[in-house]
Amino acid sequence: MTDVIDLIRARQNLLIVPKSDEPPTHKPEILLIGCVDARLSIHKDLGFPDGSALIYRNIAALVSGNTEGDWHEHVSEAAALEFAVNVMKVKHIVVMGHTDCGGIKASLANTLGEKNPISQYLEPLHSVRDEVIAKGGDQKAQASAMEKAAVRNSVVNLVSYPSVADAMREGRIQIHGWVINTGTKVISEMDRETGEFHSMRKDMNKETASDGNGGKKNGGGFIARLLSFGWLPLASEEAATVCMACI
């Protein structure tokens, strides 16, 4: 099997280099916060056009939040949001978890030890994990519940940043929560009114209206309640960023 670096070198040798190195205009409309899982391709699986999205990837698509103004404890996360919202003026922020997530499994198992860096990184999900486990169910059911709960948790923590909260109040930005199936690539979308998840595909979710929001208006109840209560951070641990890139 050919090494992936060798494939990249081969592709470079076949690259047709234009005469000008002037880059295209950079005007992304979306900030996608996703997991580092290598099985998910932003272009192929989601269909984002080139240049349309800023991509911020970390383990489990985690947003730690801005507890009592402690953004300096997770400055990469804070800077990414500030850049996306107030510099690039994106219209949407999407938090996208996925099925069969190693970070979610590690959080549920809780066997790494307190001093393990992954365990410390996942600390913002501890309260969510405890709630999921308390409800019972087998391993598969708990993982499914945790995947969705983690996305809700990150959506709530987004609003703890003044830049995001202000943009939402002013109607400049919309927040979305997704869970993509790693096997089928079908996306389940968080209903803005209830916080529940429904498939984007009409044939898999007959009750969901064509607007993809369960027939609810944008900025519905679940997210609107976040703003009405002000900042609602759930945790303050640093969200160590693995990759931030533009596509």
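Here, each number is a calculation from the coordinates, and none is a lab measurement. Predicted model, so just to flag it, every value in this text is computed and none were measured. All Cβ positions, even for glycine, are placed from backbone atoms using ideal geometry, and neighbour counts span all protein chains on display.
Taking Cβ atoms as reference points and 12 Å as the exclusive limit, the residues near Asn86 contribute a net charge of -1, counting Lys and Arg as +1 and Asp and Glu as -1. Report the local net charge at His26: Lys and Arg +1, Asp and Glu -1, summed over other residues whose C-beta lies under 13 Å from its C-beta. Taking every Cβ under 13 Å from that of His26, the sum is -1. Taking 0.36 nm per residue of sequence separation and removing the Cα-Cα distance, the Lys115/Gln12 pair yields an extension gain of 32.9 nm.
Spin-label model, Glu68 to Glu131: label points 7 Å out along the Cα-to-beta-carbon direction sit 2.2 nm apart. In order along segment 105-112, phi translates into HN-Hα couplings of 4, 5, 5, 5, 5, 6, 10, 7 Hz, rounded to whole numbers, per the Karplus curve 6.51 cos²θ - 1.76 cosθ + 1.60 with θ = phi - 60° and x for Gly and Pro. Using a Debye calculation, one point per C-alpha and no hydration shell, please list log10 I(q)/I(0) for segment 83-160 at q = 0.15 Å⁻¹ in order. Taking Cα atoms of segment 83-160 as identical point scatterers yields -0.58.
Give me the Debye-computed log₁₀ of I(q)/I(0) at q = 0.10, 0.16 Å⁻¹ for segment 1-123, equal point scatterers on Cα only, no solvent, two decimals. Log10 I(q)/I(0), no solvent term: -0.46, -1.01.
Each peptide in 11-24, 176-189 was scored by the mean count of other Cβ atoms within 10 Å over its residues; highest first, the order is 176-189, 11-24. With a simple spin-label model that places each label point 7 Å from the Cα along the Cα-to-Cβ direction, the separation between Glu123 and Asn181 comes to 3.7 nm.
If R0 is taken as 22 Å, the Cβ-Cβ distance between Arg169 and His26 corresponds to a FRET efficiency of 0.25. Remark: for residue pairs Lys27/Lys91; Lys105/Lys148; Lys115/Lys148, the C-alpha separation exceeds 18 Å in Lys115/Lys148.
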